[in-house]
Amino acid sequence: MRILLIGEYSGYHNALKHGLQSLGHEVVIAGDGDGFKKFPVDIDLGSDYFRRNWFREKIKVAWWKLTGNNLEDYLRLARFRESEKKLANFDIIQFINSNALGCAPNIEWQMMQRLLENNSKVFLIACGDDCEYSNYLVNQHKGYSILKAAENAPTGKAVLDHTYKYLGKGYRDNYNKLMKRCVNIVPSNTDYAMALTDQNKATSIIAAPVVVENIPDEINHDLSVIEIFMGINRGNYWKKGINYFEKALEIVKEKYKSKVNITIAEDLPYTDYITSYKKAHILLDQVLCFDQGYNALQAMLRGKVVFAGAGEPYFKFHNIDKIPVIDATPDVMDIVDKLSELIENPTTIIELGKAARKHVIHYHDAVKIARQFEHLYK
C-alpha cells in the first residue's frame, strides 16, 4: 500500500513509518516535524520564516493582533500548494490530528479538503488535544486531568489555550468534516480512549509505536549516587504537572543531599534530549495523565525508571494488570515518598529498568504496531 501520514507528534508517525516500511509498504510523512523537536519529514509543510528574524516576527505578531490572521499560515499554505502533486493518489491517508498542519481553521481546511479529495481511505489518530478530548475534559471527566494546570498557572485558563481552542467553531467544524470521511479514529493511549468511549468510529487502543531495533539499554549500574532527570518543555510546563515534580525534587534534594544528583534540561531538540538523560536512573515525565507519552516510552526502552501515568484507568483500557512505571499523581508528598523508596532501595531501580525495557519491546515495538494498523487499513 501507499500510505500518507499527515503531521507529527513526538515521533509517532516516524516510528509508524519504520514499522510499515518493514512490512513492505511505501510511506510518506508530510508535516512540520513537530516544531522545535525537528523530527524528520519527507515533505516539509512547515515555515519558520518569520521566527528566524526578530523584526519579521514583530511584524507577524502585529499583523496577527490587528487582523486575527497569522502570516505564517499563508506561507504554509503556499508550501502545501507547491507540494500538492506529491500528496495525491495514496491508498491510505492518516492524520495525526484534525489540526495536523497547525494553521487557523480556514487555512487548515483548504489543505485538508484537497488531501481528502485526492486520496482514498482516511484515518485519524487520537494522540493529543482535539475536539472530543477537550470536550470530554471540560464536560465529563472526573478526577485530575490537564485542566488542573489552570489552577496552578499564573495565567489561569490561558495556559490551556491550545486545549480550549478545539472547542471553537472553526476547529469543531473541521473535526466533524474530517470524521465524516474517516473510516476510524484510533486512540494511542488511555487518556484519549477515555474521551472516545461514545464515538462509534473509535477503535480500541493501538499503542504508540516505538522503534526498538538497535537501541541498547542504558541502565546505569553505578548506584553510589542516584541520578534523577527531568526534561521541561516550557510550553507544556503546567499541562504536564512539572510544578509537582519541581516541589518534590526540592524536598528530595534537601533530604538526601549528596546521595542524589538532579539534572534538568529545557526545550531541547529530540536527539539532544535523548542524549541528555543517558546516565539517569530515574526520569520524571509527566503527572496529569493516565498513560505514558513518547518521552516516557523512549526512556523505558533505555532501561530508565519512569514517573508517568500508570493507575487504574491504564490497566482497564489496556487490559493488563501491571506495568513497570511509577504512577505519578498530583500529590507532591506521594511523589517524594515514591522517590524515597527508590533511593533507599537502589537495587530495585535496576530491576524496574530491565522490566521497563521488556515492556516497551513487548507492547510498543513499531513493527508489531504496524501490523495492527495494516490489519485496520485492510
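The values are calculated or read from the model by the stated rules, or taken from the named source; none is laboratory data. The structure displayed is predicted, hence computed values, not measured ones. Every residue, glycine among them, receives a Cβ derived from its backbone with ideal geometry; neighbour counts consider all protein chains shown. Heavy atoms of the whole protein, side chains included, go into the accessibility calculation; ligands, DNA and RNA do not. Shrake-Rupley method; radii C 1.70, N 1.55, O 1.52, S 1.80 Å.
Inspection of the range 22-42 finds a residue satisfying the criterion of being at pLDDT 95 or above, open to solvent by 30 Å² or more (accessible area, probe 1.4 Å) and in contact with a helix residue (DSSP H, G or I) (Cβ under 6 Å, 6 or more places away or on another chain). Once the range 217-248 is narrowed to residues that are touching a residue at least 60 places away in the same chain (Cβ under 8 Å) and farther than 17 Å from Gln286 by Cβ, the residue that is surrounded by the most Cβ atoms within 10 Å (Cβ to Cβ) is Ile226. Annotation: Tyr74 fulfils all but one of (1) buried (at least 18 other Cβ atoms within 10 Å of the Cβ); (2) on the phi < 0 side of the Ramachandran plot; (3) modelled with pLDDT under 95; the unmet one is (1).
Going through the range 80-135 one residue at a time, which ones are assigned to a loop (DSSP other than H, G, I, E, B) and either open to solvent by 30 Å² or more (accessible area, probe 1.4 Å) or among the hydroxyl-bearing types (Ser, Thr, Tyr) (or both)? Reasoning before the result, please.
Initially, the range 80-135 is screened for residues assigned to a loop (DSSP other than H, G, I, E, B), giving 88-91, 96-104, 118-120, 127-130.
Across the range 80-135, the qualifying residues are Asn89, Asp91, Ser98, Gly102, Ala104, Asn118, Ser120.
When Gly46 is tested against (1) touching a Leu at 6+ places or on another chain (Cβ under 9 Å); (2) at pLDDT 95 or above, only condition (2) is not met. Given the criteria surrounded by fewer than 20 Cβ atoms within 10 Å (Cβ to Cβ) and farther than 24 Å from Glu117 by Cβ, does Ala153 qualify? Yes: the conditions hold for Ala153.
Whenever a residue of the range 352-369 is within 12 Å of Arg302 (Cβ to Cβ) and of a type in the set (Gly, Ala, Ser), its partners that are open to solvent by 60 Å² or more (accessible area, probe 1.4 Å) and not in a helix (DSSP H, G or I), lying with C-beta atoms within less than 9 angstrom and at least six residues away or across chains, give the pairs Gly353/Asp217. Residues that are free of Cβ contacts under 8 Å to residues at least 12 places away in the same chain and in a loop (DSSP other than H, G, I, E, B) were ranked within the range 177-203; the one that is farthest from Cys289 (Cα to Cα) is Asn200. Scanning the range 249-271 for residues that are open to solvent by less than 50 Å² (accessible area, probe 1.4 Å) and in a helix (DSSP H, G or I) yields Leu249, Val252, Tyr256.
Selection of first residues in the range 153-170 that are farther than 14 Å from Asn99 by Cβ and in contact (Cβ under 8 Å) with a residue 12 or more places away in the chain and of second residues that are small (Gly, Ala, Ser) and not in a helix (DSSP H, G or I), restricted to Cβ pairs under 9 Å at least 6 apart or on distinct chains, gives the following pairs, ordered by first then second residue: Val159/Ala153; Leu160/Ala153. In the range 84-96, the residues that are within 12 Å of Gly31 (Cα to Cα) and among the aromatic types (Phe, Trp, Tyr) reach residues that are part of a strand (DSSP E or B) and open to solvent by less than 40 Å² (accessible area, probe 1.4 Å) with C-beta atoms within less than 9 angstrom, at least six apart or across chains, in these pairs: Phe95/Leu5; Phe95/Ile6; Phe95/Val122; Phe95/Phe123; Phe95/Leu124; Phe95/Ile125; Phe95/Cys182.
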